[in-house]
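See below for the structure under consideration.
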Amino acid sequence: MEIRHIQENDDRLSVSNIYEEGWKFAYRGIVPQDYLDSIPPGRWVPYLDQDGVHSLMMTEDGKLIGTSSYSRSRTAQFHDFGEIISIYLLPEYMGRGYGRLLLEAAVKELEKLGYEDIFLWVLAENRNARKFYERCGFTPTQHYMYHEIGGKKLQEIQYCRFSGKDGH
């Protein structure tokens, strides 16, 4: 198993497939099924090379199996924070500790960029992800945002990992 930055020669459709399969697995019963079923191949390709967004790839035996993206906060309110935008694995690789390794790698990369406090957003109904982030040292805050996905209004909860400095 290897974690590395996305490379120019990485197949963007294969990377997008990790997001697609991850969404279809993780959000079953949360996001309307007809929306999940309608996610087209390549849906995330346009987002993989955005300025200021960094992507990590997880490979096993040369196969892309997971991805994580991170950046400085995309929200002005949290301008001093680093943000973990996403962590997804192919479903058959979930439950093996790989998610924790991807999360830890993204946190380390944000720390290298100078961010001491880091946050992410998680769907309130995604109990498995919430437990995972809590086990990894992130705590829910009182910050929420709402999105409509597939005609359903969904709440996201901000989770933070504070450095412990400045009284956090």
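The values are calculated or read from the model by the stated rules, or taken from the named source; none is laboratory data. Keep in mind that this is a model prediction, so the values were computed, not measured. Please note: Cβ atoms are built from the backbone with ideal geometry, for glycine as well, and neighbour counts cover all protein chains shown. Side chains are part of the model used for accessible areas, which takes the heavy atoms of the whole protein and leaves out ligands, DNA and RNA. Shrake-Rupley method; radii C 1.70, N 1.55, O 1.52, S 1.80 Å.
Points to keep in mind about this one:
- Flag if Met94 is open to solvent by 20 Å² or more (accessible area, probe 1.4 Å) and touching a residue at least 24 places away in the same chain (Cβ under 8 Å): yes
- Check on Arg100, free of Cβ contacts under 8 Å to residues at least 12 places away in the same chain and either open to solvent by less than 70 Å² (accessible area, probe 1.4 Å) or closer than 24 Å to Tyr159 by Cα (or both): no
- Test: Gly62 is farther than 23 Å from Asn126 by Cα, touching a Leu at 6+ places or on another chain (Cβ under 6 Å) and not charged (D, E, K, R): no
- If you go through region 29-48 and keep only what is in a helix (DSSP H, G or I) and under 17 Å from Ile87 (Cβ atoms), you end up with just Tyr47.
- In region 1-28, the residues that are open to solvent by 70 Å² or more (accessible area, probe 1.4 Å), touching a residue at least 60 places away in the same chain (Cβ under 8 Å) and outside any helix (DSSP H, G or I): Met1
- Region 155-165, residues that are loosely packed, with under 11 Cβ neighbours inside 10 Å and small (Gly, Ala, Ser): Gly164
- Region 128-154 - residue that is open to solvent by less than 60 Å² (accessible area, probe 1.4 Å) and of a type in the set (Gly, Ala, Ser) and, of those, farthest from His5 (Cα to Cα): Gly150
- Residue match in region 119-127 (condition: farther than 16 Å from Ser69 by Cβ, surrounded by fewer than 19 Cβ atoms within 10 Å (Cβ to Cβ) and of a type in the set (S, T, N, Q)): no
- For region 41-52, residues that are free of Cβ contacts under 8 Å to residues at least 24 places away in the same chain and surrounded by 15 or more Cβ atoms within 10 Å (Cβ to Cβ) total 1.
- Close contacts from region 67-80, counting a first residue that is over 28 Å from Met94 (Cβ atoms) and a second that is open to solvent by less than 20 Å² (accessible area, probe 1.4 Å) and of a type in the set (Ser, Thr, Tyr), with Cβ to Cβ under 8 Å and a gap of 6+ residues or different chains, come to His79/Ser73; Asp80/Ser73.
- Flag for Ser38 being surrounded by 15 or more Cβ atoms within 10 Å (Cβ to Cβ), among the small types (Gly, Ala, Ser) and over 20 Å from Gly95 (Cα atoms): no
- Neighbours by Cβ (under 7 Å, 6+ apart or cross-chain): first from region 108-120, closer than 15 Å to Arg74 by Cα; second of a type in the set (D, E, K, R) and surrounded by fewer than 20 Cβ atoms within 10 Å (Cβ to Cβ): Asp117/Asp80
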